[in-house]
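The values are calculated or read from the model by the stated rules, or taken from the named source; none is laboratory data. Values in this document were obtained by computation on a predicted structure and should not be read as measured data. Cβ: placed from backbone, ideal geometry, glycine included. Neighbour counts: every protein chain shown.
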Amino acid sequence: MVVFLANRANLQSKRLHDRIRNRLSGSFDDVRRRRAEPREAGPYRVVGDVNPRQFLEDAAYPVPSARVEIGVQLQTEAAHEYYWINWVEPDRSLLVGWHQDETHDALGPVHLQVNNGTTTVVHQSAQFIDAHPLAVVEHRLASLGDAVRAVKWEQGRPVGLDTSSLA
């Protein structure tokens, strides 16, 4: 069990992303912190490469590589931090991720999103977790495999989510 005793009000973005990088270093390869690109919200992203066959414990998984990208934007105007936790498979143009941001207000503060390239396939409301960002990352990483396996495919393209397999 991991215990976080940090005061969320005193978080510093670079330090937080370094702590996320340290957390990912045990499970992912080539973990690095990078500056966010102009199209991305927040100042940083932590990126880690992963072998989906090992991570998902599925030797038949159709692609041999993927990456996880995590970003947190502190001190937003909202009462909570914004974050983006994404599984990205470049070979299949797949993105599966939780986004806690100002978009899609009708879904609540957090949504699970599936993209095929730059096209959004589905948005679904997700559980809001009122906790320290590192605890949120830990919770989402524990659920990441289920979210990736829940993607429905037709003719080699993601078309939705099988919500019955999501907790």
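Data for the structure
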quantity: Criterion: more than 25 Å from ASP30 (Cα to Cα), modelled with pLDDT of 95 or more and surrounded by 14 or more Cβ atoms within 10 Å (Cβ to Cβ) - qualifying residue of ALA150, ALA66, ALA131; calculated: ALA150
quantity: Options GLN100, GLN155: the member that is surrounded by fewer than 18 Cβ atoms within 10 Å (Cβ to Cβ), without any contact (Cβ under 8 Å) to a residue 40 or more places away in the chain and not acidic (Asp, Glu); calculated: GLN155
quantity: Pair list, Cβ < 6 Å and 6+ apart or interchain, from region 23-36 residues that are under 19 Å from ALA135 (Cβ atoms) and of a type in the set (Ser, Thr, Tyr) to residues that are modelled with pLDDT of 90 or more and part of a strand (DSSP E or B); calculated: SER25/VAL31
quantity: Hits in region 103-124 - residues which are of a type in the set (A, V, I, L, M) and within 16 Å of LEU144 (Cα to Cα); calculated: VAL110, LEU112, VAL114
quantity: Residue match in region 48-59 (condition: touching a helix residue (DSSP H, G or I) at 6+ places or on another chain (Cβ under 7 Å), among the aliphatic types (A, V, I, L, M) and not in a strand (DSSP E or B)); calculated: yes
quantity: Filtered residues of region 33-65 (kept if among the aliphatic types (A, V, I, L, M) and over 29 Å from ASP101 (Cβ atoms)); calculated: ALA59, ALA60
quantity: Residue within region 82-98 that is closer than 18 Å to ASP162 by Cα, of a type in the set (Val, Ile, Thr) and at pLDDT 95 or above present; calculated: yes
